[in-house]
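Below: one structure, written as structure tokens.
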Amino acid sequence: MSPSNSTSSSTYTVDIRSDTVSLPSEEMRQAMFEAAVGDDVYGEDPTVLELEEKSAAIFEKEAGLFVPTGTMANLLAIMVHCHRRGAEAICGDNSHTFLYEQGGAAQLAGVQLATIKNKTDGTFCLKEMQQKFRLYDDCHEPVTSLVIVENTHNMCGGKVLPLEWLDELAAICNDPKKTNGKKVALHMDGARVFNAATYLKVPVARITKDFDSVCYCLSKGLSAPVGSVLLGNKAFINEARRLRKVLGGGMRQCGILAAAGLVALETIVPRLNGDHQRTKRIAEALYNLGSPNVSVDLPNVHSNILLIHMVNPKVSADDLSKRLRTVTAQELADGLVTAKEDGAGGIVLKVSARDWSYARIVLYHQITDKDVEYAIKKFEYVIKEYDRLLA
């Protein structure tokens, strides 16, 4: 049992609330210890420069910018593309930018977000998007300057956006006849875009080829401790670098952090399919229970995220989450314990639950086959318990 999955000598904890709880690997820690550093605000940190250049090459963009968070990366993209206060950006109503970035577009950039209902696959209606375009010289209206998409889509269960849909989206935004001759930029919140590339079995640059900017996160599925990288052309990145400073994102000798990102690109990205396969194993186990109280959309499990839908209103996602964290005397008496080599203790399973109609799990490279085995045992026991109580 790894230290990260153990809370005491008597319980074995599997924490799959989010891939943000992942920890840097030993290779990352060694690289951080040995990293060559300089003042990144002066553009003199060699490790940061290496990460930015490597990222740009992978995505086939002109330049990159290392920033502390994905939220900052998305905000910078909005600020650069919507350079006039009072502009408008279009995004999905379930997007991270709209739901979980504290209204930064309005609060800090002076940009209004217009939303379109996300479909269950993470896309939205492109006809409705065109109807929302405000591209005429009407002094009463904001001007549509940007469209934002999220890939993979977090709140839609890690769905991967279809390439055909992305191509159609780009064709609309890049057609002067459909944009009244105005520039409507495209930004991809690609926090987990390497998971999308893994699922589609294509280079990540294929997914983002028509996007003016894209960011990816190092501290989620890639398991580095801190950071995201924003990518675009040189002019875009130069302006984003300037704006990063005013947002407090100048981090000086941050090559210590960038070093972990370089290791992640080399060692974690090639292993993402393992996270996907282990997520699918859990989904299959839950599906095979045939419970009338919870369900999973097994055919549409794309990546490392799984949504467990609460079917019976008598049990909330929060109820399920709290029960999974609890080890009862009865389950120990029933033999729901780990192997002797793991201490033969109870199983604590941590999943995400908010005011959602589902619980969410997210896997990452430190979640092993053994962790998955114990997670399935705990899920099966608790769900069967609910099935008996609610019958």
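The values are calculated or read from the model by the stated rules, or taken from the named source; none is laboratory data. Bear in mind the structure is a predicted one, so any value in this text is a computation, not a measurement. Backbone-built Cβ (ideal geometry, glycine too); neighbour counts: all protein chains shown. Please note that ligands, DNA and RNA were not included when accessible areas were found on the heavy atoms of the full protein model with its side chains. Shrake-Rupley method; radii C 1.70, N 1.55, O 1.52, S 1.80 Å.
Which of the residues spanning segment 229-249 are out of contact with any Pro (no Cβ under 6 Å at 6 or more places or on another chain) and open to solvent by less than 10 Å² (accessible area, probe 1.4 Å)?
If we filter segment 229-249 for residues that are out of contact with any Pro (no Cβ under 6 Å at 6 or more places or on another chain), which is where we start, we get 229-248.
Scanning segment 229-249 gives V229, L230, L231, G232, I237, A240, R244.
Can you tell me how many residues in segment 180-228 are within 11 Å of the chain's Cα centre (by Cα) and either at positive phi or in a helix (DSSP H, G or I) (or both)?
4
Pull up segment 102-140, narrow it to residues that are hydrophobic (A, V, I, L, M, F, W, C) and in a loop (DSSP other than H, G, I, E, B), then point me to the one that is farthest from E164 (Cα to Cα).
Selected residue: C139.
Out of curiosity, is K350 touching a residue at least 60 places away in the same chain (Cβ under 8 Å), touching an Asp or Glu at 6+ places or on another chain (Cβ under 6 Å) and farther than 22 Å from K159 by Cβ?
Working: touching a residue at least 60 places away in the same chain (Cβ under 8 Å): yes; touching an Asp or Glu at 6+ places or on another chain (Cβ under 6 Å): yes; farther than 22 Å from K159 by Cβ: yes.
Criteria met by K350.
Would you mind finding the one in L126, L113, L166 that is open to solvent by 20 Å² or more (accessible area, probe 1.4 Å) and of a type in the set (A, V, I, L, M, F, W, C)?
Numbers: L126 fails: open to solvent by 20 Å² or more (accessible area, probe 1.4 Å); L166 fails: open to solvent by 20 Å² or more (accessible area, probe 1.4 Å).
The unique qualifying residue is L113.
Quickly run through segment 69-91 and pick out the residues that are outside any helix (DSSP H, G or I) and either open to solvent by 30 Å² or more (accessible area, probe 1.4 Å) or among the polar types (S, T, N, Q) (or both). Break it down stepwise before answering.
First, pick out the residues of segment 69-91 that are outside any helix (DSSP H, G or I): 69, 82-91.
Matches in segment 69-91: T69, H83, R84, R85, G86.
With the structure loaded, tell me whether K322 is of a type in the set (K, R) and more than 25 Å from S18 (Cα to Cα) or whether it fails that test.
Values: of a type in the set (K, R): yes; more than 25 Å from S18 (Cα to Cα): no.
So K322 does not fit the description; no.
Would you be able to say whether some residue in segment 355-363 is under 18 Å from S10 (Cβ atoms) and under 22 Å from the mean Cα position of the chain (by Cα)?
To start, the set of residues in segment 355-363 that are under 18 Å from S10 (Cβ atoms) comprises none.
No, the conditions are met nowhere in segment 355-363.
Of everything in segment 142-161, what is among the aliphatic types (A, V, I, L, M) and open to solvent by 20 Å² or more (accessible area, probe 1.4 Å)? Give them in sequence order.
Here is the first cut: in segment 142-161, the ones among the aliphatic types (A, V, I, L, M) are 143, 146-149, 155, 160-161.
Answer for segment 142-161, where residues must be among the aliphatic types (A, V, I, L, M) and open to solvent by 20 Å² or more (accessible area, probe 1.4 Å): V143, M155.
Does V37 fit the bill of being at pLDDT 95 or above, open to solvent by 40 Å² or more (accessible area, probe 1.4 Å) and more than 27 Å from G104 (Cα to Cα)?
Numbers: at pLDDT 95 or above: yes; open to solvent by 40 Å² or more (accessible area, probe 1.4 Å): yes; more than 27 Å from G104 (Cα to Cα): yes.
In short, yes.
Filter segment 44-58 down to residues that are more than 26 Å from the chain's Cα centre (by Cα) and either touching a residue at least 12 places away in the same chain (Cβ under 8 Å) or outside the structural domain of G227 (by the TED database) (or both) and give me whichever is surrounded by the fewest Cβ atoms within 10 Å (Cβ to Cβ).
We begin by selecting, within segment 44-58, every residue more than 26 Å from the chain's Cα centre (by Cα); these are 44-46.
Pick out the ones that are also either touching a residue at least 12 places away in the same chain (Cβ under 8 Å) or outside the structural domain of G227 (by the TED database) (or both) and you get 45-46.
On the way: D45: 26, P46: 14.
Only one residue fits best here, namely P46.
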